[in-house]
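Only one structure is covered here, and it is reproduced in the block below.
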Amino acid sequence: HYWGVRWSAGQYLPSVFWRYRLNDWSWYGLPWPPVGTRWVYVDNHAYLIDERDGYILDVIWDVWRW
């Protein structure tokens, strides 16, 4: 159902993806996530989401560039 979907800032990331947390965000060159947010990695994109409701605050497309 979510195959190939790209979400944008201002949308809500489905909760099924919240578990793909990027704990090593600095290694990817991502900024520190403010309190109450987290970076998650979905389909080669990094999403900064609100931990309460999955609201997308920022998106980094194509985190890994081959």
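Conditions tested, residue by residue: (1) modelled with pLDDT under 95; (2) among the hydroxyl-bearing types (Ser, Thr, Tyr); (3) closer than 10 Å to residue 60 by Cβ.
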site: 10; (1), (2), (3): no, no, no
site: 18; (1), (2), (3): no, no, no
site: 21; (1), (2), (3): no, no, no
site: 24; (1), (2), (3): yes, no, no
site: 30; (1), (2), (3): yes, no, yes
site: 36; (1), (2), (3): no, no, no
site: 40; (1), (2), (3): no, no, no
site: 48; (1), (2), (3): no, no, yes
Task: Count of residues meeting criterion [open to solvent by less than 30 Å² (accessible area, probe 1.4 Å), closer than 24 Å to residue 1 by Cβ and without any contact (Cβ under 8 Å) to a residue 24 or more places away in the chain] in the range 18-66 - done: 3
- [ ] Could you list all residues from the range 1-17 that are of a type in the set (Phe, Trp, Tyr), assigned to a loop (DSSP other than H, G, I, E, B) and open to solvent by less than 50 Å² (accessible area, probe 1.4 Å)?
- [x] 7
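The values are calculated or read from the model by the stated rules, or taken from the named source; none is laboratory data. Note that the coordinates shown come from a computational prediction; the quantities given were computed from them, not determined experimentally. All Cβ positions, glycine included, derive from the backbone under ideal geometry; neighbour counts span all protein chains shown. Note: accessible area is taken over every heavy atom of the protein model, side chains too, but ligands, DNA and RNA are not part of it. Shrake-Rupley method; radii C 1.70, N 1.55, O 1.52, S 1.80 Å.
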